[in-house]
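A short worksheet on the structure shown next.
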Amino acid sequence: MTAPLLEAEGLGKTFAAPRRGWFRAASGGVRAVDGVSFAIGRGETLAVVGESGCGKSTLGRLLLRLIEPSEGRVAFEGVDMASLSGAALRRIRRKAQMVFQDPYGSLSPRRTVAEIIAEPLEVFGLARTAKARRDKVAEILSQVGLSPALMDRHPRQFSGGQRQRIGIARAISVDPSFIVADEPVSALDVSVQAQIINLLQDLQERKRFSYLFIAHDLAVVRHIADRVMVMYLGRVVEIGPKRRIFTAPQHPYTQALLSAVPEPDPDAVSRRILLAGDVPSPTRIPGGCSFHTRCPLAQDVCRRERPPLRDVADAQQAACHFAGPNPIRSTEPAA
């Protein structure tokens, strides 16, 4: 097997808790990412899904070292990113880029499209003259389906879908090998979403990018992902090949998410799994299995013991006491 492009091991991030009142701070902190481990291969798309606030975006920023982890490590091409600084870190940053969720807030309104896309070229010394930068900007705009004749316009003169194409153009301008796409279509009209997804896939086929694709729309994930990782309250609860996750989900939370996906066949009969209660506060994550307060299968062992992420099928892992071919057998009453 070839070495993975990126590996995360025991990655965690705790933010300081917000203050209560004028003087007293809340105890503990916000546990945004909790012991996350996985790897991404070259040319692979790993989709990360889960409810809002589960830590998806924080995870993406940790991988790029836009924020520092509280614990754990990230290795890019076998090199621990925490050990890098200066020129060595800059070389990694060129190879790892990000497409942001908001195409309206992620582009400077004061700069033209040419200036936005040319900035990373200039920072990394990839086009040393103004003419070389404009020629490269024209080439990149063509790759993302925009006319080079528009390069001297400002972002406000473009639609949301066009702005996201500009954001993608900025990310690919330095020929990266890894891109974090943080819900890149969630702010766009449905009619435009498919165009952007197809663009991302076409670029991947041509340039062999690896994607960490953050999303909450499982229909989009089903279209673009190779593997799927499901997060709940900062923890990975299931990870595996897309086919296995969609046809044989093992974790009750994954099953509930998939049951909420609309069925395109009007004659099909599907059973929606309704979860009790609300998502607990990340400042007070339940002990044991963090999902036990909403899980229809929960028993006493779920409250006592945190289930490890373990193999439940070929290349599929789940963090559930009752998942897989050898689940825990218990006669305890359901919670």
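For Ile67, the amide hydrogen comes within under 5 Å of the amide hydrogens of Leu62, counting only partners 5 or more places away or on other chains and with H modelled in the peptide plane. Estimate the FRET efficiency between Arg310 and Asp189 by the formula 1/(1 + (r/R0)^6), using the beta-carbon distance for r and 45 Å for R0, to the nearest 0.05. Computed FRET efficiency for Arg310 and Asp189: 0.65. In order along the stretch 157-170, the Karplus-derived 3J(HN,Hα) couplings, from 6.51 cos²θ - 1.76 cosθ + 1.60 at θ = phi - 60°, round to 8, 10, 6, x, x, 5, 5, 5, 4, 5, x, 5, 4, 4 Hz, and Gly and Pro are given as x. Let me have the relative contact order for the stretch 117-193, percent, based on Cα pairs under 8 Å that are six or more residues apart. Relative contact order here is 33 percent. Computed across the stretch 85-190, the Kirkwood radius stands at 14.0 Å (inverse of mean 1/r, all Cα pairs). Distant-in-sequence amide contacts of Arg306, defined by a placed amide H-H separation under 5 Å and a gap of 5 or more residues or a different chain, comprise Gly288. For the stretch 45-112, the C-alpha radius of gyration sits at 1.30 times the compact-globule guess of 2.2 N^0.38 Å, with N the residue count. Here's how it looks for Asp217: its modeled amide H is under 5 Å from none belonging to a residue 5 or more places away or on a different chain.
Phi angles of the stretch 246-259 translate, via the Karplus equation with coefficients 6.51, -1.76, 1.60 and θ = phi - 60°, into HN-Hα couplings of 7, 9, 9, x, 9, 8, x, 5, 4, 4, 5, 4, 5, 5 Hz per residue; Gly and Pro are given as x. Judged by the gyration tensor of its Cα atoms, with axes a ≥ b ≥ c, the stretch 107-155 is oblate; a/c meets the 1.5 cut and b/c is at least as large as a/b. Can you tell me what share of the DSSP beta bridges in the chain is antiparallel? A percent to the nearest 5 is fine. For the chain, the DSSP antiparallel bridge percentage is about 60. Distance from the alpha carbon centroid of the stretch 75-154 to that of the stretch 164-187 works out to 10 angstrom.
For q = 0.17, 0.22 Å⁻¹, what log10 I(q)/I(0) does the stretch 184-324 give under the Debye formula with an equal point scatterer on each alpha carbon and no solvent? The computed values of log10 I(q)/I(0) come out as -1.05, -1.40. Peptides 140-150, 276-286 ranked from most to least packed give 140-150, 276-286, packing being the mean of other C-beta atoms within 10 angstrom over each peptide's residues. Given Cα pairs under 8 Å that are at least 6 residues apart, what percent is the relative contact order of the chain? This gives 18 percent for the chain.
Restricting the stretch 65-115 to trypsin sites (Lys or Arg not before Pro) that sit in a DSSP loop and have at most 12 other Cβ atoms within 10 Å of their own Cβ leaves Arg110.
In terms of its C-alpha gyration tensor, the stretch 270-319 comes out oblate, because a/c is 1.5 or above while a/b does not outweigh b/c.
The sum of -39500 (n - 2.57) across all DSSP H runs of n ≥ 4, divided by the residue count of the chain, sets its helix-only mean residue ellipticity at 222 nm to -9000 deg cm²/dmol. Rounded to the nearest Hz, the phi-derived 3J(HN,Hα) couplings of the stretch 182-197 under the Karplus curve 6.51 cos²θ - 1.76 cosθ + 1.60 (θ = phi - 60°) are 8, 6, x, 10, 5, 8, 10, 4, 4, 5, 9, 4, 4, 5, 5, 4, where x marks glycine and proline. Going by neighbour counts of Cβ atoms within 10 Å, the residues Ser159, Ser57 line up, fewest first, as Ser159, Ser57.
Sparsely packed loop sites in the stretch 94-132 (the chymotrypsin sites (Phe, Trp or Tyr not before Pro) outside DSSP H, G, I, E and B with at most 15 other Cβ atoms within 10 Å) comprise Tyr104, Phe124. Give Lys207/Lys242; Lys13/Lys207; Lys13/Lys95 a once-over and call out the pairs whose C-alpha atoms are over 26 Å from each other. Over 26 Å apart, Cα to Cα: Lys13/Lys207. In degrees from 0 to 90, rounded to the nearest 10, what is the angle of the helix 130-143 Cα long axis to the longest principal axis of the chain? Rounded to the nearest ten degrees, it is 50.
Coordinate-derived values only; no laboratory data. The structure presented is a predicted model; accordingly, all values stated were derived computationally and were not measured. As a convention, Cβ positions derive from the backbone with ideal geometry for all residues, glycine included, and neighbour counts pool all protein chains shown.
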